[in-house]
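Contents: one structure, followed by commentary.
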Amino acid sequence: MWKQFLSKLPRKSSASGDSGQCSNGTGIQRTSSCGSVPSARPASAIRRMSSAVFPSSVVAGIEPLVSFKDVPNSEKQTLFVSKLSLCCVVFDFSDPNKSSVEKDIKRQALLDLIEFVESSSARFSEAAIAACAKMCAINLFRAFPPNYRSGSSGGGEGDEDEPMFDPAWCHLQLVYELLLKFIGSSSLDAKIGKKHFDHSFIVKLLNLLDSEDPRERDCLKTILHRIYGKFMVHRPFIRKAVSNIFYQFVFETDRHNGIAELLEVFGSVISGFALPLKEEHKIFLWRVLIPLHKPKSVGLYLQQLTYCVTQFLEKDPKLASSVIIGLLRYWPIINCQKEVMFLSEIEEILESTSQAEFQKCMVPLFRRIAHCITSSHFQVAERALFVWNNDHIISLIAQNRQVIMPLVVPALEQNIQNHWNQAVLNLTMNVKKMFSEMDEDLFSSCLAKHKEDEEKRVSLEVKRKLTWEKLESAAAFQPVTGHTAVLVGHQPSANMIATLI
């Protein structure tokens, strides 16, 4: 219906007057009210212009193009609602030349609203809060175009596709800025605001975090944090809703653009958890944060994820062993880049791990580290050996050397004999020397045990090879007739081997 009102706009006079000086590049700089720009135009002309551009239902009440400075304090809340109603009209930005005058009017109204929220000291009425929530919902909550959802499911570390920027950002940015300042304003009564910025509003806001525009995700991150701090009654719901996004990402879609931003918000949320930690928060660590190491795109948000995990460990150091065992459960087998990331995170976790917690997980942990030391991928082997550069970890190893050294020394010896990379060989020699200086007798016994195990392994290999040679020789002298059954691809039974031996 309101297209009929748009057709009433006098295009020529508008192009020569107001819109000629309000292109996209200079619209932000226009801070004066529209009523004061055309000095020769009376107030009635301004009213007729806005009525021609926007529906009469939108501009009912106080003329929305009037400046807040031109109305008494008693009318400012009404003007605030009127300007919000005007901004509920959404424009098509796919064509920058379409409805340029209307876009400029709305842009100026948004700037006026932001300035008013910043300077207002009076409490916002419930009508103003409802109008603000409605305007933000109409402008922000939208379905993303199909090309937002196309492409590979990963967004992996090697994905270098350019992010898609929303052409309506010049207006969306102002709406986000208004929402941020409104939520954070001391003039907003949280008891009234929680009714309008409700669960439905929060869920739709969280859905926008899947936007491919990094500018939008950054605004949403800040607003979500502000909502979490403002409305305490919504905190459990926000935690649950974000957990559901993580669950869907890890176990279903393996794709979401806003995981890093959500984790960044939760990093500060976790730091505010009271002690002792609630069971709900521990479940979030075990069922959400640990499984988030599984997706192949973990490199995109590993920094924020590691921060969240370490925040939990600062709150409760007794969680360290369960976190390390959880990481070992999701340890990458064939992805070397992820393996390097996991080793870095393990080192950061070990820095805040106590002796008692370390002893609970040291055997499976150093079995994995020993396996990484012998990796043919030099970056994995190198990163695993760098663990011995950490003084706290060396202290933990030294106090538990009777258990750890027998696990690691064979891997060091295997590297010295077989590894192709010189840098890895040098690091291996350094760690070997460190072990020798730590406990020479234990190190010597580990070397002797490794040598003995190697001799046994070689002896078994030789014996096995001879056994197969005897089998092949025996089979060569057996005549094969048309009715003789021949086993193909099966190993000989123990009785057959014993007979041949």
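With all distinct Cα pairs included, what does the Kirkwood hydrodynamic radius of the stretch 332-409 come out to in Å, to one decimal, could you say?
Result for the stretch 332-409 stands at 12.6 Å.
Based on C-alpha pairs under 8 angstrom that are at least 6 apart in sequence, the stretch 354-472 has a relative contact order of 25 percent.
For the stretch 383-473, the set of chymotrypsin sites (Phe, Trp or Tyr not before Pro) satisfying both a DSSP loop assignment and a count of at most 13 other C-beta atoms within 10 Å is given as W420.
When the chymotrypsin sites (Phe, Trp or Tyr not before Pro) in the stretch 300-380 are filtered for DSSP coil states and for at most 16 other beta-carbon atoms within 10 Å of their beta-carbon, the remaining sites are Y330. Each residue, V90 and E461, gets one label point 7 Å from its Cα in the Cβ direction; the gap between the two is 6.8 nm. Gyration tensor over the Cα atoms of the stretch 354-472: the corresponding equivalent ellipsoid has semi-axes (square roots of 5 times the eigenvalues, largest first) of 29, 17, 14 Å.
Among A133, A109, N97, whose Cα lies farthest out toward the positive end of the dipole of the stretch 96-141, if unit charges sit on the beta carbon of Lys, Arg (+1) and Asp, Glu (-1)? Going by the charge dipole, the pick is N97. Each of the peptides 75-81, 350-356 was scored by the mean count of other Cβ atoms within 10 Å over its residues; in descending order, highest first, they stand as 75-81, 350-356. Rg and Dmax over the alpha-carbon atoms of the stretch 379-429 stand at 11.4, 32 Å. In a simple Cβ point-charge model (Lys, Arg +1; Asp, Glu -1; nothing else charged), the stretch 354-472 has a dipole of about 360 debye relative to its Cα centre.
Take the alpha carbon atoms of the stretch 165-198, find their center, do the same for the stretch 359-410, and report the distance between the two centers in whole angstrom. That distance is 50 Å.
Since every read-out is calculated from the coordinates, none of them should be taken as a lab result. Just so we're clear, the structure is a prediction, and the values are computed from it rather than from any experiment. Backbone-built Cβ (ideal geometry, glycine too); neighbour counts: all protein chains shown.
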